[in-house]
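J.: Pasting a structure below so you can have a look.
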Amino acid sequence: MSTPTQQKALFLQSKQGEFTLGTREVPQPGAGDIVVKNEAIGLNPVDWKIQTYGLLVEKYPAILGLDATGTVEAVGQGGVLDNDRANFQQYTLINESLAAELPGKFSFEAGATLPLAYSTAAVGLYHQAGGPQLVPPWAEGGKSKYAKTPIVVLGGASVVGSLAIQLAKLSGFSPIITTASPKNVELLTSYGATHVLDRSLPQNALISEVTKIAGGPVSLVYDAISLPETQAAGYALLAPNGKLLTVLPPTVTETTEGRSVVSVLGVIQRAPNVEFGKALLAQLPALLESGDIKPLRVEVIPGGLGGITAGLAKLKNNQVSGTKLVVRPPETA
Ligand SMILES: NC(=O)c1ccc[n+]([C@@H]2O[C@H](COP(=O)([O-])OP(=O)(O)OC[C@H]3O[C@@H](n4cnc5c(N)ncnc54)[C@H](OP(=O)(O)O)[C@@H]3O)[C@@H](O)[C@H]2O)c1
């Protein structure tokens, strides 16, 4: 393979500024790095939040993007603060140990549904400090360890929620209760949810349904949405000493009887996650081969890197349901 020296990239020009297509050098790999030709890139809500709110990124022009698959047959996460390692470009640097081989039977687009959401679901359940730190299903005795233990995943049709359901199933949790729009019942059942409740239920009705199904309050809630209202509902479902995992900063500030609210930071390049991330990615190809982890539904946005802005607008306007948005960088005009 001869790698070009220049490539197309999507730059966020300034804090809260516009995205524009441009060119930049293809990054050179250092020790332990590989250069991946990005074939499919997944879009994440954090990408539009960085643009809209000016979060996380200090150096501009900046390249965003956290999910990619490509050749060297890798599925990997970019880093949000380093342009060479971000994914809204045609070639990305990835630390080899933080990439996973994508089994040949899956498309690049299918692979791009996984990286950040999979690690966020997994870090929350198995690794996050203050979280439940469950024994992961790939560790000895971990598979099905939590049989007969109920779990609630709020927002099961989100990309993070869909993967949290799949991991909960692998860990043996039962019942697995989730919330979604009614049209997503079948999809979430296929991932392992045992009960899909209408996300529009008022909090009291939700609590009474969950309590009926689980036989009482639950000790673990994964809130894959983490808006103030879902966090409030998630907290209200908890038994004493129970844990609410959130994917956005906690909005529940007062806790009682040992209950805790734990914010999950799923990016595996973060120092506390690196070793866990390596083990997680080392196990992923086998879990994909066996069907224990299923890639999610995909919608390809046309236009390559040029389609990203339109895709992020769809995410921002809540027009995406049970689906990961993906673009194909080689299609960039
Ligand atoms: N902390 C971290 O490291 C980290 C990492 C990744 C993502 N995140 C955050 O996690 C959140 C989810 O990201 P994502 O990519 O998984 O989102 P996503 O797939 O874009 O979420 C869209 C889904 O959210 C569901 N939803 C929206 N409001 C809901 C509600 N009130 N109750 C239940 N479901 C609701 C919708 O379900 P229906 O279609 O069924 O209505 C829709 O399918 C975002 O806020 C993101 O920024 C954090």
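The values are calculated or read from the model by the stated rules, or taken from the named source; none is laboratory data. Computed from a predicted model, the values in this text were never measured in an experiment. All Cβ positions, even for glycine, are placed from backbone atoms using ideal geometry, and neighbour counts span all protein chains on display. The protein model used for the area step is the full one, side chains on, heavy atoms only, and it has no ligands, DNA or RNA in it. Shrake-Rupley method; radii C 1.70, N 1.55, O 1.52, S 1.80 Å.
J.: Which of SER119, SER107, SER171 ends up with the largest GNM mean-square fluctuation for the chain, with Cα atoms connected below 10 Å?
T.: SER107
J.: Leaving ligands and nucleic acids out of the surface, order VAL159, VAL26 by accessible area at 1.4 Å, largest first.
T.: VAL159, VAL26
J.: If the viscosity is 0.692 mPa s and the temperature 37 °C, what Stokes-Einstein diffusion coefficient in µm²/s follows for the chain when Rh is the Kirkwood radius over Cα pairs?
T.: 164
J.: Helix by helix through the chain, keep the DSSP H runs that span 24 Å or more along the axis on Cα and average at least -1.0 on Kyte-Doolittle, and give those back in order.
T.: Span-like helices, by this rule, are 274-290.
J.: Express the relative contact order of segment 22-96 as a whole percentage, based on alpha carbon pairs under 8 Å and six or more residues apart in sequence.
T.: 39
J.: Looking at the P(r) of segment 1-149, how many percent of alpha-carbon pairs lie beyond 21 Å?
T.: The proportion of pairs with Cα distances above 21 Å equals 50 percent.
J.: State which stretch of the chain is the longest one without any exposed trypsin sites (Lys or Arg not before Pro), exposure meaning a DSSP loop state and at most 10 other Cβ atoms within 10 Å.
T.: The reported range is 149-333.
J.: Using the heavy atoms of the protein chains and a 1.4 angstrom probe, tell me the accessible area per residue for the chain in square angstrom.
T.: So the chain comes to 42 Å² accessible per residue, rounded to a whole number.
J.: With a cut-off of 8 Å between alpha carbons and a minimum separation of six or more residues, what is the relative contact order of segment 160-248 in percent?
T.: With pairs under 8 Å counted, the relative contact order is 24 percent.
J.: With every protein chain left in place and a probe of 1.4 Å, what is the accessible surface of GLU186, to the nearest 10 Å²?
T.: Ignoring ligands and nucleic acids, GLU186 comes out at about 150 Å².
J.: Find the Rg to Rh ratio for segment 212-333, where Rh is the Kirkwood radius over alpha-carbon pairs and Rg uses the same atoms.
T.: 1.05
J.: Need one value: the accessible area of HIS195 in square angstrom, 1.4 angstrom probe, rounded to the nearest 10.
T.: Here the residue's solvent-accessible area equals roughly 70 Å².
J.: Principal axis lengths of segment 190-266 from Cα atoms, whole Å, largest first?
T.: Computed over segment 190-266, the largest-to-smallest principal extents equal 27, 27, 22 Å.
J.: Probe radius 1.4 Å, ligands and nucleic acids ignored: give me the carbon and sulfur share of the accessible area of the chain as a rounded percent.
T.: C and S atoms contribute 54 percent here.
J.: Let me check against my output: what whole-number percent is the relative contact order of the chain, with C-alpha pairs under 8 Å and at least 6 apart?
T.: 18
J.: Still on this structure: Per Stokes-Einstein, at 25 °C and 0.890 mPa s, what whole-number D in µm² s⁻¹ belongs to segment 117-263, with the Kirkwood radius over Cα pairs as the hydrodynamic radius?
T.: 167
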